[in-house]
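A.B. asks: Structure incoming, see below.
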Amino acid sequence: MSEVLRKYTVSTRRSAELALLIGAWLLGVFAWILVDAATSTTTAGGWVSLIGSGVILLMAHGVVRRYTPYADPILLPAVATLNLLGLAMIHRLDAANAARALANGTKVPTPDVYFQVAWMFIGLILFMGVLIVVNDHRRLQRFTYTSGVLGIVMLFLPLLPGIGYEVNGAKLWISVAGFTFQPGELAKILLTVFFAGFLVTRRHTLALVQSKFLGVGFPRIKDAGPLVVMWLFALMVLVLERDLGTSLLIFGIFIVLLYVATGRRSWVIIGSLLLMVGAVAAYKMFGHVRIRFDVWLHPFADAQGTGFQIVQSLYGFANGGLFGTGWGQGYPQLVPFAKTDFITSALGEELGLVGLTAILLMYAIIVERGARASVATRDPFGNLLAIGLTAALGLQTFIVVGGVTKLIPLTGLTTPFLSYGGSSLVANYILIALLIRISNAARSPEHDQSAELVSEVNA
């Protein structure tokens, strides 16, 4: 009887999600209007894009309401807010590029914001598709090794001749019939599924302690094999694709999941030591890594050359100050790759420290809600998958923002949901869909606990 009553008394909070989603859209519209007012670039295409984005977000909410009624009500509005603010900043940078072209007497380039809106539509369509098709996240455990193989294939696909090509020194992209994509963004999701499925079956063995040092229990040497393999795999990505960001991200996700699966701090210590050894080796062996570290340590030593990006980024933050210059009032276009790698610098200049802090808090909220879904999930695979997906999003944000603010070396990753780029946007919407599916299972009063017990026994 109590279970029946609970079924009908648990609030789905879908109305709260709808209200927050409307608020996120209105915030994006307000930012767009401020950009138009400052740059005098009002166009019919802009309003069509805004209305279209609102419609597709309402459709996404409808799918969430239908297929995951007990899901976390914060996740979708939070990522929608970031996505819409990113669109406003890309629109602002498009206006700057158009003004420069007019001043130089050259052809005005096609605004990138319309391409980003198209990618937003594709991302949300796939978001809805994942919620409909993946009706139980535990089924993904059946595809543990398939996901691992596909993730590795996707990660190294840009190395194939004919379809892979190099951008800014890194081999990250593939091009087929004029269509370009960065498969590494999807690879991080596939590899996270593999890590979660693999560690569920090995967590008890990996948690065994052979000896203690300074009160910290260390595992048996033979159990360190998976960690060493992942370390070598990350180094292979760095060597073959010259991609420092992805190698750090993949290795970081594995370390987080290894710690969560076993509860042993020793794995974090060993992983950190391997990371430092790899960093020193990469610095000694590869010139592009050495340049990034030197620029990180001494950016003003060559402010007009190798250090130009980070120096301009720091100047942008300084110009923005506490409250920013205002939408359309700064000079974010002076930072190279302002729409992609350095969009947080552009937002920091025009929104200031206060605005950028609010954006980072939005990421913190997403990470917190993802971690909450992981803790509340009652099956071990869902627990690891949720924390792995959350770690992927949180680590990528930290790596990007840390590089732009000179906290760590630059890596070349894009800021989730903010930066221009379809690969990242589509992959991250799929990631959020999986988190919403897991949170629905964690919060649903109708969740089939018998299946969880079977999963626990099998693990």
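The values are calculated or read from the model by the stated rules, or taken from the named source; none is laboratory data. Everything numeric here is computed off the predicted structure, so don't read it as measured data. Glycine also receives a Cβ, built like all others from the backbone with ideal geometry; neighbour counts cover every protein chain displayed.
A.B. asks: Residues in the range 313-336 that are under 18 Å from ILE408 (Cβ atoms) and either surrounded by fewer than 16 Cβ atoms within 10 Å (Cβ to Cβ) or of a type in the set (S, T, N, Q) (or both): how many?
C.D. replies: Residues flagged as under 18 Å from ILE408 (Cβ atoms) and either surrounded by fewer than 16 Cβ atoms within 10 Å (Cβ to Cβ) or of a type in the set (S, T, N, Q) (or both) within the range 313-336 amount to 1.
A.B. asks: Determine whether ASP112 is surrounded by 16 or more Cβ atoms within 10 Å (Cβ to Cβ) and touching a Pro at 6+ places or on another chain (Cβ under 8 Å). I'd like the intermediate steps shown before the answer.
C.D. replies: Details: surrounded by 16 or more Cβ atoms within 10 Å (Cβ to Cβ): yes; touching a Pro at 6+ places or on another chain (Cβ under 8 Å): no.
When the stated conditions are applied, ASP112 does not pass them.
A.B. asks: Between residues in the range 180-207 that are of a type in the set (Asp, Glu) and residues that are at pLDDT 80 or above and assigned to a helix (DSSP H, G or I), which pairs lie under 7 Å by C-beta distance while being six or more apart or on different chains?
C.D. replies: Between residues of the range 180-207 that are of a type in the set (Asp, Glu) and residues that are at pLDDT 80 or above and assigned to a helix (DSSP H, G or I), the close pairs are GLU185/SER423; GLU185/SER424; GLU185/ALA427.
A.B. asks: For the range 328-349, what are the residues that are more than 20 Å from the chain's Cα centre (by Cα), closer than 23 Å to LEU425 by Cα and touching a residue at least 40 places away in the same chain (Cβ under 8 Å)?
C.D. replies: Result: PRO332, GLN333.
A.B. asks: What residue, of GLY305, GLY320, GLY287, GLY370, is small (Gly, Ala, Ser) and under 22 Å from ASP36 (Cβ atoms)? Let's see the steps before the verdict.
C.D. replies: On the way: GLY305 fails: under 22 Å from ASP36 (Cβ atoms); GLY287 fails: under 22 Å from ASP36 (Cβ atoms); GLY370 fails: under 22 Å from ASP36 (Cβ atoms).
That would be GLY320, the only listed residue that is small (Gly, Ala, Ser) and under 22 Å from ASP36 (Cβ atoms).
A.B. asks: Still on this structure: Among the residues in the range 32-55, are any over 30 Å from VAL133 (Cα atoms), assigned to a helix (DSSP H, G or I) and under 24 Å from the mean Cα position of the chain (by Cα)?
C.D. replies: yes
A.B. asks: Working carefully through the options LEU347, LEU353, find the one that is touching a Leu at 6+ places or on another chain (Cβ under 7 Å), farther than 25 Å from LEU297 by Cβ, at pLDDT 90 or above and not small (Gly, Ala, Ser).
C.D. replies: The match here is LEU347.
A.B. asks: Quick check on my filter: what residues within the range 10-42 are of a type in the set (Ser, Thr, Tyr) and crowded, with 18+ Cβ neighbours inside 10 Å?
C.D. replies: Pass one, the range 10-42, residues of a type in the set (Ser, Thr, Tyr): 11-12, 15, 39-42.
THR39, THR41 - these are the residues of the range 10-42 that are of a type in the set (Ser, Thr, Tyr) and crowded, with 18+ Cβ neighbours inside 10 Å.
A.B. asks: Which one of ILE152, ILE132 is surrounded by fewer than 21 Cβ atoms within 10 Å (Cβ to Cβ), closer than 30 Å to ASP341 by Cβ, among the β-branched types (Val, Ile, Thr) and at pLDDT 80 or above? Please lay out each step first, then the result.
C.D. replies: Values: ILE132 fails: closer than 30 Å to ASP341 by Cβ.
Unique residue meeting the criteria: ILE152.
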